[in-house]
Amino acid sequence: MKHKHYSNWMNFNQAKHFILILLSIGTLLSCTTKSVPSFQENNLEQFRPAYHFTPAKGWMNDPNGLIFIDGEYHLFFQHYPDSTVWGPMHWGHAVSKDLLTWEELPIALFPDSLGYIFSGSAVLDEKNSSGLGSTTTPPLVALFTYHDPKGEKEGTKDFQTQGLAFSLDKGQTWQKYEGNPVLKNPGIRDFRDPKITQITQANGKSTWVMTLAAKDRVHFYESANLKEWAFLGEFGQGVGAHGGVWECPELLSMNSPDGSQKWVLLVSMNPGGPQKGSAAQYFIGDFKKGTFTPDDTMIRWLDYGPDNYAGVTWANIPEGQNRTLWIGWMSNWDYAQVVPTLTWRSSMTVPREISLFDVDGTLLLKSAPAKELEKLRGKAYDLSGNESLLPSAAVEILAEVTRDDNFSMMLSNELGEEVIINKEMGLVTVDRRKAGKASFHPDFAAAHSAPMSWTANKLRIFLDASSIEVFVNEGELVLTSLLFPSSPWKKLSVQQGLKSLEIREVHP
Ligand code: FRU
């Protein structure tokens, strides 16, 4: 992360001061004006989503260590339990059997003398290549970044190193490896977010490859035992979008629609996204012996909304499922720390299944809502005339677009707040300029558009208490946005272009 990124962040003491200042302002205001509601009068949970994961309390950012083990999806996450702004990072932990209802478990990893615990990933070391478990009790191995705040403050360049932790009880408890750090810093200020891919070679031997963000590029490292890492190669200098620092990369093997194998590299970047602030781009190409070769130099974005960052996929999904499951952090570093939620900050996106599709000979990545979400569908409501009342704040809207390919609809509440979702002249837009609370950041009230040169047939829109996720053609184009309406959305009006529409309550 560039200096700019870090300047958004606070160390523990700054965070404490910030909270004290906020509390004093709050006290001052409640003494001087009667109209400012106190926290008690406000509904603290007004923006708490019904079916998106949020931490019970405190701060959350990136998903980490995503892994499926024995019927359970584990979701670790960047967490600061003692405050609602970023601070000394821990790995929070939640599990789910269905990707929909999550149980938050005790914190998995705490900061230690080597630093805060930044983002990273986890794998099942089935053959016990690390020697940290046994073949009967294969260890789960997590690789993460140690961020040493002291080194950062002193102006050194090597304050981010890679650490290892392992679990012998399927992720319930974790031990840090005594030989940490397993990968030292070669003198690069931004050197973080290891994501491990297991690659099986033609001779049947498998090797671990680490993809790491190194300022304006990714580095690839290789290991036979997850503990000793050798540099393999790098990718990205001068290729793709470079409006900010590269973060949270992932290398994935995926099938193209014609059945051939492709390699996909996901790279989050902050700032410099298509809607300002944070966003994730991806590259499609080939990966051999540490060299990633993209098919072309086109810039591709995973999601055109402003609020989807640092997403990665679940490891160890059974092959029979034949799918790549992904989740992102539903926020943006531009304003993540000041959004108007009171006891917690940030939620994850809905879980998504990513796959490749072809538009006129060009491969793109689509992200469809995970099929599990269909299990949440409750009662159905149709439009009466061109309007429908929304039964709750948590709904899924399913629509078919007419053949002329343009559409327009609007969500509104009794306070005159509104969100417009439309396609016009090849642009799909989610307009939240008048969508409620926005004064916390000058760029929040904005309309966000995405180019779509091909035909829109179908829409699925997921609404929750403080978000909207618009999936066009099952994720061929996606826009994810936070929304903070002063009162829940009450009405959906269709202005143009939809031949069928159904509203389903979402019941977690
Ligand atoms: C991405 C990120 C990562 C880092 C983590 C720190 O949002 O900046 O690069 O590991 O957040 O919380």
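A short reminder: the numbers here are calculations on the coordinates, not readings from a lab. Bear in mind that the values here come from a model prediction, so they are computed numbers and not experimental data. Every residue, glycine among them, receives a Cβ derived from its backbone with ideal geometry; neighbour counts consider all protein chains shown.
Restricting the trypsin sites (Lys or Arg not before Pro) of the stretch 152-193 to loop positions (DSSP other than H, G, I, E, B) with no more than 12 neighbouring Cβ atoms within 10 Å leaves LYS184. With contributions of -39500 (n - 2.57) from each DSSP H run of at least four residues, the per-residue ellipticity at 222 nm computed over the chain stands at -2000 deg cm²/dmol. Normalised by the number of residues in the stretch 372-506, the mean separation of alpha-carbon contacts (under 8 Å, six or more apart) gives a relative contact order of 40 percent.
Close amide H pairs (under 5 Å, H built 1.01 Å from N) link ASN457 with ASN473, residues at least 5 positions away or on another chain. Between the amide H of ARG217 and those of TRP246, distances stay under 5 Å, these residues lying 5 or more places away or on another chain, with hydrogens modeled in the peptide plane. Mind jotting down a quarter of the surface of the convex hull over the alpha carbons of the stretch 326-423, in square nanometres, one decimal? The directionally averaged projection comes out at 9.9 nm².
For the peptides 307-315, 474-482, the ranking by packing is 307-315, 474-482, with the highest mean count of neighbouring Cβ atoms within 10 Å listed first. Separation of the stretch 418-484 from the stretch 80-115 is 29 Å, based on Cα centroids. The convex hull around the C-alpha trace of the stretch 372-506, projected and averaged over every direction, spans 7.9 square nanometres. Legend: residue pairs LYS176/LYS205; LYS157/LYS366; LYS184/LYS262; LYS215/LYS437; LYS57/LYS153; LYS170/LYS227, Cα-Cα distance threshold 26 Å; pairs beyond threshold, LYS176/LYS205; LYS157/LYS366; LYS184/LYS262; LYS215/LYS437; LYS57/LYS153. What the Cβ-Cβ distance of SER134 and GLN261 gives, at R0 = 41 Å and to the nearest 0.05, is a FRET efficiency of 0.80. For the chain, the average shadow cast by the Cα convex hull is 23.7 nm², which is a quarter of the hull's surface. Over the stretch 277-348, the ratio between the Cα radius of gyration and 2.2 N^0.38 Å evaluates to 1.43. For GLU319 and SER453, a Förster radius of 30 Å and the Cβ-Cβ distance give a FRET efficiency of 0.30, rounded to the nearest 0.05. Sorting 420-430, 228-238, 142-152 by their mean Cβ neighbour count within 10 Å, with the most densely packed peptide first, gives 142-152, 420-430, 228-238. All other residues whose Cβ lies under 13 angstrom from that of SER119 are scored, Lys and Arg at +1 and Asp and Glu at -1, for a net of -3.
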